[in-house]
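The values are calculated or read from the model by the stated rules, or taken from the named source; none is laboratory data. Everything quoted here is computed from the prediction, not taken from an experiment. All Cβ positions, glycine included, derive from the backbone under ideal geometry; neighbour counts span all protein chains shown. Remember, those area values only see protein heavy atoms, side chains included, never the ligands or the DNA or RNA. Shrake-Rupley method; radii C 1.70, N 1.55, O 1.52, S 1.80 Å.
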Amino acid sequence: MPSSYNVRSRARERNNVLGRPEFMSLNQPPIRSGGPSESRGSTRRAGQIKHQTSQSCEEPTDSGSKDRRESGKMPEEDCMQLNPSFKGIAMNSLLAIDISLSKRMGVCAYTSSSWGGCRSMVGLLALTGHGITWIIGTIVCLTRSNTLAGQEVLVNLLLALILDVMTVAGVQRLVKRRGPWEMMPGFMDCVAMDMYSFPAAHASRAAMVSKFLLSHLVLAVPLRILLVLWAFLVGISRVLLGKHHLTDMVCGFALGLFHFSLMETVWLSSNTCQTLISISTFSWSPFF
């Protein structure tokens with residue numbers, strides 16, 4: 001009897017607990033599905049909901065990964081090489097020394113510079129190595145020359161000057177290196193297409209002309225020394241004016257010597273020079 005009484009009391013307590021409002025859903029019978037079509041529709045809707053939720057979950061992760069990738073890509077100027085090569089360190093050091101020395105040597109860059117009072121004299125010295133000056137002077141001497149040997153030398157010199165101007169202008173347009181001081185090119189520089197810093201056009205021209213005259217003119221020893229000194233001063237004058245770096249001047253000298261050796265290789269004979277002179281003066285005839 002005690003056992004049956006305990007069973008009834010436990011059943012009565014269970015019914016009282018299930019009758020509470022928060023447990024009413026447990027007393028309701030399960031809802032039967034209307035058929036296979038409804039089950040398929042519910043599964044389809046469930047699949048769509050899962051697909052949408054998966055897409056919504058993937059979108060922020062994709063955007064987050066993109067943001068992380070974009071933030072990982074730093075600009076080139078902000079990147080730091082942790083293990084730079086010895087060659088890169090040496091090149092960067094030489095460029096830094098070149099820029100520093102070139103700026104210190106630009107004592108005639110402005111009238112307010114330390115040697116600003118000598119700016120006009122240095123500019124006049126640089127003008128003696130200008131391409132337009134030498135081309136016009138060579139043409140004038142060619143019109144006044146009466147000897148075949150003199151005309152041969154002057155024609156080849158004129159072609160060497162034109163080659164120098166065109167080659168330097170082309171290299172400058174490719175490299176596009178600015179000078180140590182931000183300056184606008186002058187009128188004569190624009191005419192000679194001397195717009196950039198590397199290589200130094202005046203240094204190239206001075207080296208080529210001095211080597212050309214030393215090789216094809218008979219000059220006394222003092223004149224030969226003065227000619228070499230003039231070429232060096234023309235090259236250094238552009239550095240003093242703040243137009244070029246020291247490396248631009250050195251490379252200009254090397255390029256001028258290369259132009260001289262190239263003209264010596266393709267040297268035009270006297271007959272060819274006379275033909276060119278006749279064509280330029282409109283007095284050439286192919287029948288005579």
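Residues are listed down the side, and each one gets a yes or a no for (1) at pLDDT 95 or above; (2) outside any helix (DSSP H, G or I):
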position: 188; (1), (2): no, no
position: 219; (1), (2): no, yes
position: 229; (1), (2): yes, no
position: 242; (1), (2): no, yes
position: 272; (1), (2): no, no
position: 278; (1), (2): no, no
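Could you say which residue among 116, 123, 106 is in contact with a Lys or Arg (Cβ under 9 Å, 6 or more places away or on another chain) and open to solvent by less than 60 Å² (accessible area, probe 1.4 Å)?
Going through 116, 123, 106 in turn, just one is in contact with a Lys or Arg (Cβ under 9 Å, 6 or more places away or on another chain) and open to solvent by less than 60 Å² (accessible area, probe 1.4 Å): 106.
Answer yes or no as to whether residue 99 is open to solvent by less than 80 Å² (accessible area, probe 1.4 Å), under 30 Å from residue 218 (Cα atoms) and either out of contact with any Ser or Thr (no Cβ under 9 Å at 6 or more places or on another chain) or β-branched (Val, Ile, Thr) (or both).
no
So, in segment 107-135, exactly how many residues are more than 20 Å from residue 279 (Cβ to Cβ) and either assigned to a helix (DSSP H, G or I) or among the β-branched types (Val, Ile, Thr) (or both)?
19
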